[in-house]
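Every number in this text was worked out from the coordinates using simple rules, so none of it is lab data. All of these numbers come straight from a predicted model, not from anything done at the bench. A quick note on method: Cβ atoms are made from the backbone with ideal geometry, for glycine too, and the neighbour counts reach across all protein chains shown.
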Amino acid sequence: MTSNIITVGTITPQMELHDLIEKNIRILLLMEHFGTGFTVADLTIEELCRLRGINPEIFACFCNLYNGSEKICYEPKTIEDINQIIDFLENAHRYYLDEMYPEIKYYIKKLSEINETDDIKMVEKFFESYFSEVKKHLDYEQKKLFPLLRSEDNAQKGKTKIHHGDIETKLADLKNLLLKHIRLIDKNGLKRKLLTALFEFQFDLNIHSLIEDKILIPIALKK
């Protein structure tokens with residue numbers, strides 16, 4: 001049976017991807033962020049990464065994050081490592097903007113059509129305000145943080161003030177508001193689909209922030 005999170009100990013580059021995906025479907029999203037495609041045959045992480053030009057240690061490290069770990073078990077050693085991590089995060093940005101935002105907005109809109117209440121209007125307003133902050137945060141990373149990290153001019157690193165907002169807390173607030181307080185007339189599983197999307201968004205966003213906090217920002221601040 002497929003489960004959301006598996007417990008297999010530490011994932012290593014020698015493990016077969018097919019087995020990992022069978023046990024944890026979220027590995028597919030990780031693969032999409034790495035741009036590897038989903039046809040894995042009987043390849044191990046290391047074999048697939050060698051074919052795709054990806055550092056298998058970084059890939060395995062991130063697999064562990066998608067498997068529920070909060071431990072960063074790899075430190076970038078080259079500018080190429082840093083670039084691969086940034087590529088991963090930039091693909092995550094596109095996922096948030098092009099998939100998660102329209103999907104969540106759609107479910108809220110559909111729920112508002114069958115619930116003409118102040119509560120659903122508040123949810124709609126809260127989400128739009130929240131995602132406006134998300135967009136500003138992502139824009140800062142794209143225009144300021146990532147170019148700094150991609151640069152090999154280490155003199156600039158450590159001199160730059162890092163702006164790092166907390167965009168996870170408000171998302172958790174919205175999810176908990178819907179779970180604990182707001183009753184809605186439901187249709188076609190809309191509230192379940194909305195909550196599922198919010199949980200998935202929160203899960204990926206937490207990993208995104210962990211990678212930034214534990215890997216990239218220390219590099220940017222290093223003198």
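Taking R0 as 35 Å, what FRET efficiency do you get between residue 195 and residue 22 from their Cβ-Cβ distance, rounded to the nearest 0.05?
Here the calculated transfer efficiency is 0.90.
List the GluC sites (Glu not before Pro) in the stretch 1-105 that DSSP assigns to loop (not H, G, I, E or B) and whose Cβ has at most 16 other Cβ atoms within 10 Å. Which are they?
70
Largest first and to the nearest Å, give the Cα extent of the chain along each principal axis.
Largest to smallest, the principal-axis extents are 55, 48, 25 Å.
Which value does Rg/Rh take for the stretch 1-128 over its C-alpha atoms, Rh per Kirkwood?
Ratio of gyration radius to Kirkwood radius for the stretch 1-128: 1.10.
Structure shown: which of 105/214; 135/187; 23/77; 110/175; 121/175; 23/187 lie over 20 Å apart, alpha-carbon to alpha-carbon?
105/214; 135/187; 23/77; 23/187
Sum -39500 (n - 2.57) across every DSSP H segment of at least 4 residues in the chain, then divide by the residue count to get the 222 nm mean residue ellipticity, nearest 500.
It comes out at -18500 deg cm²/dmol, rounded to the nearest 500.
If contacts are Cα pairs under 8 angstrom and at least 6 residues apart, what is the relative contact order of the stretch 67-223 in percent?
38 percent
For the stretch 109-122, take each phi angle, set θ = phi - 60°, evaluate the Karplus expression 6.51 cos²θ - 1.76 cosθ + 1.60, and give the result in whole Hz per residue in order, putting x for glycine and proline.
Result, ordered by residue: 4, 5, 5, 5, 6, 10, 9, 7, 10, 5, 4, 6, 5, 5 Hz.
Near residue 193, within a Cβ-to-Cβ distance under 13 Å, what is the net charge of the other residues, with Lys and Arg +1 and Asp and Glu -1?
+3
Under the rule a/c < 1.5 gives rounded, and otherwise a/b versus b/c splits prolate from oblate, where does the stretch 1-74 land using the Cα gyration tensor?
Note, shape of the stretch 1-74 comes out oblate.
Which cross-chain or sequence-distant (5 or more) residues have an amide H under 5 Å from the amide H of residue 25, H modelled 1.01 Å from N in plane?
Amide H to amide H, under 5 Å and 5 or more residues apart or across chains, residue 25 pairs with 3.
Could you compute the net charge surrounding residue 26? Neighbours are other residues with a C-beta less than 13 Å from the C-beta of residue 26; K and R count +1, D and E count -1.
Once positives and negatives cancel, what remains is -3.
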